[in-house]
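Every number here is computed from the coordinates shown, using simple stated rules; none is lab data. This is a predicted model, so every value here is computed, not measured. Note: ideal-geometry Cβ built from the backbone for every residue, glycine included; neighbour counts use all protein chains shown.
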Amino acid sequence: MLDILLVALIIYEVLVMIRGTRAAPMLAGLAAVGAALYLARIGELVTLNWLVGHLLPYVVFALIVVFQSEIRHMLSDVGRRVSFLRGPAVEGDSYDDIVLAANLFSQHQTGALMVIEREIGLRTYIESGVAMDARLSYDLLATIFRPSAPLHDGAVIIQKDRLAAAACFLPLSMNPVLSTQVGTRHRAGIGITEETDAIAVIVSEETGAISVAVGGKIDRDLTVEQLREHLSSELRRYMSPVALPTVGPVSDDSDAGQESALRAAGGPMSADEESAPETERPL
């Protein structure tokens, strides 16, 4: 009974892992090929059976290459669960500045992509951007995503209470089930969460909508309170409510207008450029 339960659990976890990803139709195709080969063996198709017998040893390596992303994600998920058993996450890290910055970007329809590192290191992606190693703050995030700033393109990567790098390049998700309305910034946010256990906070310039991507899945059109709840849940810690500044409508004609409007909210204004999917800049 224990043997059957363990096998059933493994099968269930694999199915949950690949559901809604590009691996699902590929696995269905492999099942169809397997069924055809089984019928060929029953029908005593000698040539086909000989071909399969010589190619079968290489199929395992082909599967590893094809499903490398899913295998890596599964192993990292197992490692993350084991690390949870060792003890709770760090309680001292505060991400209220991310919530405040997302609120600011949403009100001004400022595109932004903020990635929070967890158990799996993001060194490869940090090295693709501009190293900063600065203390995380609302003012710094607002300054980085100013359209006239040199670092406004790309993503910022956050390690605990430090902003590790800005203008980072992230892998784009190739998931075919994603909506065609999802632009490059959102695909990059989903892509980094498919490869690692990071959390991506995305603000759309086109609509000002706030989204959170975790584990290759994205929750869109979140309120600021829902964003705080998501971060609190994923980071396994309580985030106390903070006062959110309300910024009035601002003209996009100049940085001076943005700065004067933001001073009413208590910080420098920033913006990032995100276009519609067909004109959006790649990260």
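With a Förster radius of 35 Å, plug the Cβ-Cβ distance of N49 and L15 into 1/(1 + (r/R0)^6) and report the FRET value to the nearest 0.05.
Step by step, r from the Cβ atoms, then E = 0.75.
If you stretched the chain out fully between F169 and A8, how much longer would it get, using 0.36 nm times the residue separation minus the C-alpha to C-alpha distance?
54.1 nm
How far apart, in nm, are the 7 Å Cα→Cβ label points at M26 and A209?
2.8 nm
In nanometres, what is the gap between the two model label sites at D161 and I64, each 7 Å from Cα along Cα-to-Cβ?
4.3 nm
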